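Since the structure comes first, as C-alpha cells, the remarks are kept for the end.
The values are calculated or read from the model by the stated rules, or taken from the named source; none is laboratory data. Since the structure is predicted, the reported quantities are computational estimates derived from the model, not experimental observations. Cβ: placed from backbone, ideal geometry, glycine included. Neighbour counts: every protein chain shown.
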Amino acid sequence: MAGRRSGKDPARVRLQPADAFDLIRWLARSQSDPRKAVAELVQNAIDAGARTITLERRRRGRRASLVVRDDGEGIRPTEEREAALRYLATHIGRSHKRNLSPAERHQQIVAGQYGIGLLGFWSIGHRMEIRSRVGAGAVWLLRLVEDEPRAEVVPGPPSIDAAPTFTELVITELHPAALRPLAARRLAEYLGSELRGPLLASGAAVEVREYDTRGQLAERAPVTPRRFDGVRLDVPAGVAVPGLATLQVELYLAGATGAGGAVELTCAGTVVADRLADLAGLDLDHTPWNDPALTGTIEFPALSIPPGSRRGVTPDASAAAMVQALAQLAPLVQAALDRHASERSLTSERQLVNDLRRALRGLRARLPHLELPSTLAGRGGAGEHGAADPLADSAPGPGALVPDDDDRAGAAPGDDAATTVAAPADEPLPPRLLPPGPAHHVRLSPDPVRLWPGGARGVRALVHDVHGQRIDAALTWLPSSPLLELDDGGAPARMSRVARLADAAADRRYQLTVIAEAGGGSTSTTVDVEVADGPPAGAPGAGIPEPVLVEDGGSWRSRMLGATWQVNIAHPDYRALAVEPRARLRYLVALFAKDLTVARGHPGHEPIIEQVLEIIALGERNLLRTPR
C-alpha cells in the first residue's frame, strides 16, 4: 500500500520536550539545597575571574534578601549587556564551558558546563535580578521569577554602582526554609568546604555579611578554604589517566579533632560526593577508601555529574577510568595507613610508659625497703637515678620499646660508638605510579641530631619529588664546623652518613645542611645538632621496667620474667579497661604491685592478690559503664 514503510526503512524522529518550560521547571527543582545553589553562584563568579566576592543577607520586616556581588569579567563580556543577558535567558542548558577539555577545566578551575546554575535560585527565593556592567558601559538588568516562563531584560539606573565592571545578583523574598542554612557563619563554613579547590586555586576573597533590620552590619564571616586536620599521607599527589586528566590526590590521616572515613570527591574543585565510598555503582565501599582513619580529597575534572543537583557521578567511561586509577593507588594508600597505624601504636605505648612512670614517681623514696627489679637506666626503665629519656640514643634494653625511624638511624650504644656506628642502610623506594620527577623537598632524620664530644650517630636523607614520591638523589653534605665530621661508617649507603663530633668540641652550636639534586631540581634543608655533656646512661640499676605488651590467650594478667615485665593485653579486663586511658593506667599500677610482691619472695600471696585485682577490675569496669 502507498505510504506504508517496510520494516527495513524505520522512521526517524527527533526527541523534543512536549513543553520546554516543564523541562526547565524539573531542572530547577532538582536543586533543593539552597547552600549548594549559592555555591553555584559563587563558582560562576570564580569562573569569571573574580578576585572579590561578597554575599550580603539583608532583612526588611519579614522579607529577607541575598545579594551576591563580584568583580569578575562579567557575563559574556565581549557582547553588549542587553544581548548578553538576553542570551543567558534564552539559552538555558547551553554553556561555553562545556567545550573545555578536562585538562583545561582543571587548569582554569572551571566547574560549570550546563548553563543551568542560575536556576538554582528557585531553592533560595522567589525573585532574582541580575545586574551587569562591563567596561564602564550601561547597566542592564535581567529579572527572573520562580516558576515563571517569562523574564525581563531592561536597562538599569546609572547610579546603581560606580564600578566599571561588576555582576550583582539580588535574590528577594527568600523562602523560610532557606533562612537558617544561609546564616552568615553557616554559609561561610559550607562554602569553604564545598568550594575548597577553586578558592585555593583562584585566591579569590569571599566574605558573607549579615545586616540587621536597621541596615546595620551585624556579622562578617570570611570564607576560608577548608584545611584538613591530620598528617598528610606520603602517597603520589597525582595519577595520570590516559586520554583524560590527572587524578589529583590529597589524603590525610585523620587528626584527633578530625572526622575520618570521609574522602571527598571533587570535580574541578567542587564537591560532588562527601564520601567516595558512598558513590553508587562504582564499588568503592572498601578499604582503603572507607577506612575511618582516612580523610582528604580526590579531584578528577573529567567526571560527568548530574546537571541539576551537581551531586554524584554519572557511571560512564570517565568514572570507570577514575575507578581504575584508584585501584592502582589503593595499595600505596593502604601501605601508608599501615605505617601510620604502627607508628600510632608505638606512640601509644610510649605514652603508656610515661604515664606509668608519673604514676609511680617517688615510689623508692616512699618505700625505701622495697626491692625493685633489675633494669637498665636509660634503656626502658625508670631507674633509681630518675626517669629515662624514651628517645635516648641507646640500644633498647629488656622491655624497652623499639625506637622509631629517627632514633633507629645509627643509634650509638655507648662510649665506643665513634668506632662502631655505621650509616643507616638505604631503604627501598616505595612503588611509584609516576616517573621520578625533579627533587622538590628533602628531610633529614633525625631532626635534631643529638651528639656529644666523641660521639657518633647515623643521619638519613629522605628526598621527595614534585609528586610527593620518595626518590634517589645526589647529595651534598655541609657541616657547619670542621669539628662535625661525616663519613659512611664503612657502609655503602648513598642517602645517609655517620655524623661524628670531635673530642675537643666545645661549641654547643652546630648545624648540618644537605643539598639534594635530581631530575633538574634542587632542594636543601638544615637541621640543628644538639650537643650533650656525654653519652646516654647505660649502667644497670634498679627501677621500674617498661611493660612489654603481649597478646596471649591464657588467663594470666601479667608476670615478671627476669628484668622483663609482661602484660597480657588479651585478658578480658585489660581489653575492657584499655578504652579509657586513666582506668587502664590504674589497672597497670595494680598489676605492677602484684608482680613486685610475687617476684620478691611472696608467691603464696598471689591467689589473694588475684582476688583483689578481680575486685579492682570489676569496679573499674562498672564505673566505665555508669554515666556520671
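A few comments on the model shown:
- Any chance ARG361 is closer than 22 Å to ARG226 by Cα and either in a loop (DSSP other than H, G, I, E, B) or in the same structural domain as TYR252 (by TED's automatic domain parsing) (or both): no
- Test set (1) of a type outside the set (D, E, K, R); (2) surrounded by fewer than 21 Cβ atoms within 10 Å (Cβ to Cβ); (3) not in a loop (DSSP other than H, G, I, E, B) - GLY312 fails condition number: (3)
Per-residue answers, yes or no, for (1) among the aromatic types (Phe, Trp, Tyr); (2) free of Cβ contacts under 8 Å to residues at least 40 places away in the same chain:
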site: TRP122; (1), (2): yes, no
site: GLY125; (1), (2): no, no
site: SER132; (1), (2): no, no
site: VAL139; (1), (2): no, no
site: ARG143; (1), (2): no, yes
site: GLU148; (1), (2): no, yes
site: PRO155; (1), (2): no, no
site: GLU173; (1), (2): no, no
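- Condition met for ASP355 (over 17 Å from PRO301 (Cβ atoms), in a helix (DSSP H, G or I) and over 17 Å from the mean Cα position of the chain (by Cα)): yes
- ALA201 vs. criteria assigned by TED's automatic domain parsing to the domain that holds LEU294 and either under 30 Å from LEU332 (Cβ atoms) or among the β-branched types (Val, Ile, Thr) (or both): no
Results for (1) within 18 Å of THR297 (Cβ to Cβ); (2) assigned to a loop (DSSP other than H, G, I, E, B); (3) free of Cβ contacts under 8 Å to residues at least 60 places away in the same chain; (4) in the same structural domain as HIS467 (by TED's automatic domain parsing), shown as yes or no for each residue.
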position: ALA163; (1), (2), (3), (4): no, yes, no, no
position: LEU182; (1), (2), (3), (4): no, yes, no, no
position: LEU187; (1), (2), (3), (4): no, no, no, no
position: SER193; (1), (2), (3), (4): yes, no, no, no
position: VAL206; (1), (2), (3), (4): no, no, no, no
position: ARG214; (1), (2), (3), (4): no, yes, yes, no
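- When each of ALA221, ALA178, ALA237, ALA254 is tested for being touching a residue at least 12 places away in the same chain (Cβ under 8 Å) and closer than 30 Å to PHE21 by Cα, the lone residue that passes is ALA178.
- Candidates LEU199, LEU169, LEU187 - the one that is buried (at least 19 other Cβ atoms within 10 Å of the Cβ), modelled with pLDDT under 95 and not basic (Lys, Arg): LEU199
- Residue tally, condition among the acidic types (Asp, Glu) and within 15 Å of the chain's Cα centre (by Cα), over the stretch 185-241: 2
Okay, residues lined up against (1) modelled with pLDDT under 85; (2) within 32 Å of the chain's Cα centre (by Cα); (3) in a loop (DSSP other than H, G, I, E, B); (4) farther than 30 Å from VAL241 by Cα:
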residue	(1), (2), (3), (4)
LEU15	no, no, yes, yes
ILE46	no, yes, no, no
ARG59	no, no, no, yes
VAL68	no, yes, no, yes
GLU82	no, no, no, yes
ALA89	no, no, no, yes
ARG94	yes, no, yes, no
GLN113	yes, yes, yes, no
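- Tally of residues being surrounded by 21 or more Cβ atoms within 10 Å (Cβ to Cβ) and not in a strand (DSSP E or B) across the stretch 457-472: 2
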